[in-house]
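The values are calculated or read from the model by the stated rules, or taken from the named source; none is laboratory data. The structure presented is a predicted model; accordingly, all values stated were derived computationally and were not measured. Quick reminder, even Gly has a Cβ in these numbers, built from the backbone with ideal geometry, and neighbours come from all protein chains shown.
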Amino acid sequence: MVPVPCTQSSGSMFSLQENAIGDEGASAVASALKANTALTALYLQVASIGAPGAQALGEALAVNRTLEILDLRGNAIGVAGAKALANALKVNSSLQRLNLQENSLGMDGAICVATALSGNHGLQHINLQGNHIGEPGARMISEAIKTNASSCTVEM
């Protein structure tokens, strides 16, 4: 297991991209993220993270107030993971960029994200490409953007 810094004095990034940390590793990172007061960017692309790992990250995002970038591209968080992250986005205003490209969200996952987008005022960019969200999912996302107070860019 890779040790994860819990506290730092200046903004920084942490990357475990293309390391198969899985849900256990994502949960360890999430635990550290809850206590971290300076980490601004977290890159977990292609890290074998599923719904349980995304749920742990969602719980951390709900209390973390410094993370600005979360990149989860190329994992398999699915609808359950999307729902957990969406719940966090309802209360988190520090996250500015979220990459969920190629995470098997489908239309139901897109609907979860859309619900969160309408109430989140910090997110500026979200990538949902490669998630097979379909026309209904895209329509829900588009409607959510209209009610979002920040100017959020969505890649679909």
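Pairs linking a residue in segment 35-50 that is in contact (Cβ under 8 Å) with a residue 40 or more places away in the chain to a residue that is surrounded by fewer than 18 Cβ atoms within 10 Å (Cβ to Cβ), with Cβ atoms under 8 Å and 6 or more positions apart or on different chains, are GLN45/GLN17; GLN45/GLU18. Taking into account only those residues within segment 89-107 that are closer than 14 Å to ALA51 by Cα and out of contact with any strand residue (DSSP E or B) (no Cβ under 8 Å at 6 or more places or on another chain), which is surrounded by the fewest Cβ atoms within 10 Å (Cβ to Cβ)? This residue is GLY106.
Does at least one position in segment 118-135 carry a residue that is farther than 19 Å from CYS152 by Cα, surrounded by 23 or more Cβ atoms within 10 Å (Cβ to Cβ) and under 11 Å from the mean Cα position of the chain (by Cα)? No, every residue in segment 118-135 fails to be farther than 19 Å from CYS152 by Cα, surrounded by 23 or more Cβ atoms within 10 Å (Cβ to Cβ) and under 11 Å from the mean Cα position of the chain (by Cα). Scanning segment 38-77 for residues that are within 21 Å of ASN120 (Cα to Cα), of a type in the set (S, T, N, Q) and out of contact with any helix residue (DSSP H, G or I) (no Cβ under 8 Å at 6 or more places or on another chain) turns up THR40, THR66.
Checking each residue in segment 15-66 for being out of contact with any Gly (no Cβ under 8 Å at 6 or more places or on another chain), part of a loop (DSSP other than H, G, I, E, B) and more than 21 Å from ALA80 (Cβ to Cβ) picks out GLN17, GLU18, ASN36, THR37, ARG65.
Could you please find all residues in segment 10-64 being of a type in the set (Lys, Arg) and over 15 Å from the mean Cα position of the chain (by Cα)? Before the answer, list the steps.
So the first thing to find is which residues in segment 10-64 are of a type in the set (Lys, Arg), and the list is 34.
Listed by number, the list is empty, since nothing qualifies.
The one condition from (1) part of a loop (DSSP other than H, G, I, E, B); (2) free of Cβ contacts under 8 Å to residues at least 40 places away in the same chain; (3) under 12 Å from the mean Cα position of the chain (by Cα) that GLU102 does not meet is (3). Among the residues of segment 117-153, those that are over 17 Å from LYS90 (Cα atoms) and not polar (S, T, N, Q) comprise LEU128, GLY130, HIS132, ILE133, GLY134, GLU135, PRO136, GLY137, ALA138, ARG139.
Yes or no: segment 75-84 includes at least one residue that is touching a strand residue (DSSP E or B) at 6+ places or on another chain (Cβ under 6 Å) and either in contact (Cβ under 8 Å) with a residue 12 or more places away in the chain or not aromatic (Phe, Trp, Tyr) (or both). Scanning segment 75-84 turns up no residue that is touching a strand residue (DSSP E or B) at 6+ places or on another chain (Cβ under 6 Å) and either in contact (Cβ under 8 Å) with a residue 12 or more places away in the chain or not aromatic (Phe, Trp, Tyr) (or both).
Residues in segment 68-87 that are farther than 14 Å from GLY25 by Cα and either in contact with a Leu (Cβ under 6 Å, 6 or more places away or on another chain) or at pLDDT below 95 (or both): LEU70, ALA82.
Residue-level check: of (1) within 24 Å of GLY22 (Cβ to Cβ); (2) part of a helix (DSSP H, G or I), ALA110 misses just (1).
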